[in-house]
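Peer 1: Have a look at this one.
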Amino acid sequence: MSDKQKQVKSKKRVADFGEVFTAEKEVRAMLDLVKIQSEQLQSRFLEPACGTGNFLVEILKRKLNTAITLSQINKSQKSPKYAQAIYEKNAIIALSSIYGIELLADNCAECRSRLFTLFKEHYQSYFKQINEQVLTTAHYLLNKNIVNGNALDLKDLTGNPIVFSEWTFISDIMIQRRDFIYEDLVEKTNNISPEETGFIAKNIKDYHPIHYLKLSEQENV
Ligand SMILES: C[S@@+](CC[C@H](N)C(=O)[O-])C[C@H]1O[C@@H](n2cnc3c(N)ncnc32)[C@H](O)[C@@H]1O
């Protein structure tokens with residue numbers, strides 16, 4: 001589908017999966033209700049029935065605009081206008097804080113692909129010489145954060161519990177990954193915020209900090 005999304009793919013899919021996509025205008029209006037958070041690099045968003053990513057794409061657009069604004073060097077300086085290394089890190093923070101769950105494999109693939117294309121085109125529109133490692137990291141993060149799974153039984157398509165990773169920059173270049181079981185994040189809180197219950201989810205795994213451009217090499221370490 002193009003960026004002007006059709007709202008329905010087929011009647012059968014509407015009946016079987018409740019698949020009706022939200023129009024862009026409504027997406028924007030709803031995200032404007034949390035405008036500040038939607039523009040912040042670090043604010044985390046999870047959409048449990050993300051479809052082809054209509055909400056997540058709009059969130060990433062907003063965050064990437066923040067990423068470039070924050071990498072501005074000096075308004076009076078003609079060239080370069082933006083610090084590339086700062087933008088790259090900001091853009092990865094923006095992407096790494098966006099999560100989704102989608103039951104249907106084709107929607108899940110389309111969601112990842114739309115987010116990746118947006119990320120790449122935004123990057124290329126500001127910098128002539130792009131670093132392929134940044135794109136490799138973005139691709140890796142999307143495969144982790146956009147899960148092909150069931151948001152009702154909280155399992156992925158292989159029947160394993162859905163696991164989400166938290167990505168935290170602990171210095172200019174080093175990132176730390178911590179894995180959490182999704183069920184631990186949602187069920188035990190019973191829709192009450194962790195602050196109210198005093199409950200803080202326990203992570204199941206800590207990884208060694210690693211250069212963010214080498215993140216995709218870390219699997220299973
Ligand atoms: C109403 S559509 C909304 C899609 C998207 N959020 C949007 O607004 O454009 C619901 C989506 O949830 C997916 N879905 C249905 N049941 C699901 C489940 N148990 N877990 C995860 N996704 C599910 C459908 O495949 C469909 O893409």
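Peer 1: So which residues in region 10-35 are surrounded by 14 or more Cβ atoms within 10 Å (Cβ to Cβ) and either more than 26 Å from ALA105 (Cβ to Cβ) or more than 9 Å from the ligand (Cβ to nearest atom) (or both)?
Peer 2: Result: GLU24, ARG28, LEU31.
Peer 1: Let me ask something else. What tally of residues in region 43-60 results from selecting those that are over 11 Å from the mean Cα position of the chain (by Cα) and either surrounded by fewer than 18 Cβ atoms within 10 Å (Cβ to Cβ) or farther than 17 Å from PHE116 by Cα (or both)?
Peer 2: Of the residues in region 43-60, 2 are over 11 Å from the mean Cα position of the chain (by Cα) and either surrounded by fewer than 18 Cβ atoms within 10 Å (Cβ to Cβ) or farther than 17 Å from PHE116 by Cα (or both).
Peer 1: Failed condition for GLU39, given (1) without any contact (Cβ under 8 Å) to a residue 24 or more places away in the chain; (2) open to solvent by 20 Å² or more (accessible area, probe 1.4 Å); (3) more than 13 Å from the ligand (Cβ to nearest atom), with all others met?
Peer 2: Condition (1) is where GLU39 drops out.
Peer 1: Can you tell me which residue is nearest to the ligand (Cβ to nearest atom) among those in region 99-123 that are without any contact (Cβ under 8 Å) to a residue 24 or more places away in the chain and under 23 Å from SER38 (Cβ atoms)?
Peer 2: SER113
Peer 1: If you check LYS89 against the conditions, is it touching a residue at least 24 places away in the same chain (Cβ under 8 Å), within 16 Å of the ligand (Cβ to nearest atom), open to solvent by 30 Å² or more (accessible area, probe 1.4 Å) and under 17 Å from the mean Cα position of the chain (by Cα)?
Peer 2: When the stated conditions are applied, LYS89 does not pass them.
Peer 1: Same structure again: Kindly indicate whether LYS128 is more than 16 Å from the ligand (Cβ to nearest atom), open to solvent by 70 Å² or more (accessible area, probe 1.4 Å) and not in a helix (DSSP H, G or I).
Peer 2: Answer is yes for this residue.
Peer 1: Give me the pairs, please: first residue somewhere in region 49-61 and of a type in the set (Asp, Glu), second residue anywhere and surrounded by fewer than 24 Cβ atoms within 10 Å (Cβ to Cβ), beta-carbon distance under 7 Å, and either six or more positions apart or on two chains.
Peer 2: Every condition considered, the pairs that remain are GLU58/VAL27; GLU58/ARG28; GLU58/LEU31.
The values are calculated or read from the model by the stated rules, or taken from the named source; none is laboratory data. Computed from a predicted structure; not experimentally measured. All Cβ positions, even for glycine, are placed from backbone atoms using ideal geometry, and neighbour counts span all protein chains on display. Areas reflect the complete protein model, heavy atoms only, side chains present, ligands, DNA and RNA absent. Shrake-Rupley method; radii C 1.70, N 1.55, O 1.52, S 1.80 Å.
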